[in-house]
Amino acid sequence: MVGGYYDAGDNVKFNFPMAFTTTMLSWSVVEFGDLMGSELNNALDAIRWGTDYFLKATKSPNIIVAQVGDPNADHDCWERPEDMDTPRTSYFLTPQKPGSELAGEIAAALAASSMAFRATDASYSKILLDRAIQVFDFANKYRGSYNTSVGEGVCPFYCDFNGYMDELIWGASWLYKATNTASYWDFVKSNIQTMDAGLFDFGWDSKQAGINVLVSQWAMGDSSSADLFIPNADKLMCSFLPNSPTKSVSYSKGGLLFKPGGSNLQHATALSFLSIVYARYMNAVNKTIPCGQEVVNPNTLINIAKRQADYILGKNPLGMSFMVGFGSKFPEKIHHRGSVIASLDAHPAHIGCRDGDEFFKSDEPNPNVLTGAVVGGPAFDDSFQDSRYNCTQSEPTTYINAPFVGVLAYLNKPTLT
């Protein structure tokens, strides 16, 4: 199980957020790849690093690797990845120990990535799609939550809080987009009405908002199914407006979008991504949305996303970029083992479990700049504590960065067509 990504500043391969990260990188390429220029190859390389791992994790038809690394032991140590000697426990899904949310998200990642590679590596694309079909069948046939199957391996770190049906529908949505097979679309339509919560949420745990936006691309032209998705996608877009009757977010005085919970920039990047994608779908059919006393057009949504991106990159009360290495002022003491602890070149001797504490407690900036990483972000009062102790604000995660790839690709060359 070499490969894949750690979720954040630790050394654990949590496959649930890793799969969502891979899905979002792939969606970024599917949606905005033609705007990426020379960066497209880098985006595809980043996706392949995840998909190669997931192909290994799913190579046995009735076994899926759910995670690598004992999170409790890992979190008790402050070690760089090259030195880690905590248990690399592997957790598995089987028919007797299912995990439909994880398997559904892996199916979505493989289906989406198959589309990302379709134009540049057709044989690899077919391998990914065939495996996506296999993994979705496993997720749907053997239903159950990985909260129970993997247990303390994922909880409380990445417990699934809203059930697994959203991931099954999400996976089926991507498989329909990738294959145009009617049975997947039928699955989506017949099950979406069971989702009565999470309308305004999108991230590694909740997929409902993403489902409504994704399928709207074809549902807008299908009068028989549009009412299942379009009104909810419209409500999501209205919910971003400060004066909307369906407002579901708050904004700091500096203008940053907030939702409850930690690592807030995950919401700002993911919801900005959805707003841009939906704006493009709206523009294709000359659609506007009535939101109370306001009428939202595609440019309204683009501007909302642009304000979030501008804030993240430094147009905020602190004049600080929350992307490491970008701009003249950015977080320098991020909560990330590989960034905090001296490199092998600087310190070739082994650094044990608690030996890294001296680096963690240092008042100096991290010796290794994790260029491009977006951290959890500021508090609601627009303040930011550049401290390794404040992981909610200073820890980067892959699922903050992944949607931001698409956002930045679009804003670099904004076009609604």
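The values are calculated or read from the model by the stated rules, or taken from the named source; none is laboratory data. What you see is a predicted model, and the numbers here were worked out from it, not measured in a lab. So basically every Cβ, Gly included, is an ideal-geometry build from the backbone, and we count neighbours across all protein chains shown. Just so you know, the surface numbers come from the protein's heavy atoms only, side chains and all, with ligands and any DNA or RNA stripped out. Shrake-Rupley method; radii C 1.70, N 1.55, O 1.52, S 1.80 Å.
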Report whether or not Q393 is polar (S, T, N, Q), under 26 Å from A46 (Cα atoms) and not assigned by the TED database to the domain that holds D205. yes
When only residues in segment 289-341 that are of a type in the set (A, V, I, L, M, F, W, C), open to solvent by less than 30 Å² (accessible area, probe 1.4 Å) and part of a loop (DSSP other than H, G, I, E, B) count, which is farthest from P414 (Cα to Cα)? I341
Residues being buried (at least 19 other Cβ atoms within 10 Å of the Cβ) and either among the hydrophobic types (A, V, I, L, M, F, W, C) or touching a Lys or Arg at 6+ places or on another chain (Cβ under 7 Å) (or both): count how many of those fall in segment 89-124. 15
I'm told E101 meets every condition in (1) modelled with pLDDT under 95; (2) under 18 Å from V188 (Cβ atoms); (3) acidic (D, E) except one. Can you identify the failing condition by its number? (1)
Run down D10, D85 and say which single residue is touching a His at 6+ places or on another chain (Cβ under 9 Å), outside any helix (DSSP H, G or I) and surrounded by fewer than 22 Cβ atoms within 10 Å (Cβ to Cβ). D85
Residue pairs within 6 Å by beta carbon, gap of at least six or interchain, first lying in segment 337-352 and in contact (Cβ under 8 Å) with a residue 40 or more places away in the chain, second surrounded by 17 or more Cβ atoms within 10 Å (Cβ to Cβ) and charged (D, E, K, R), listed first then second, are R337/R80; G338/R80; I341/R80; H350/D83; I351/D83
Would you please name the residue that is surrounded by the fewest Cβ atoms within 10 Å (Cβ to Cβ), looking only at residues in segment 152-175 that are closer than 19 Å to K13 by Cα and free of Cβ contacts under 8 Å to residues at least 60 places away in the same chain? P156
Whether any residue in segment 374-385 is in contact with a helix residue (DSSP H, G or I) (Cβ under 8 Å, 6 or more places away or on another chain), under 15 Å from T21 (Cβ atoms) and not assigned by the TED database to the domain that holds N303 is what I want to check. yes
Do the conditions hold for S123, that is, is it under 19 Å from the mean Cα position of the chain (by Cα) and either among the hydrophobic types (A, V, I, L, M, F, W, C) or part of a helix (DSSP H, G or I) (or both)? no
Please pick out the residue among P61, P95, P17, P87 that is at pLDDT 95 or above and over 21 Å from N401 (Cα atoms). P95
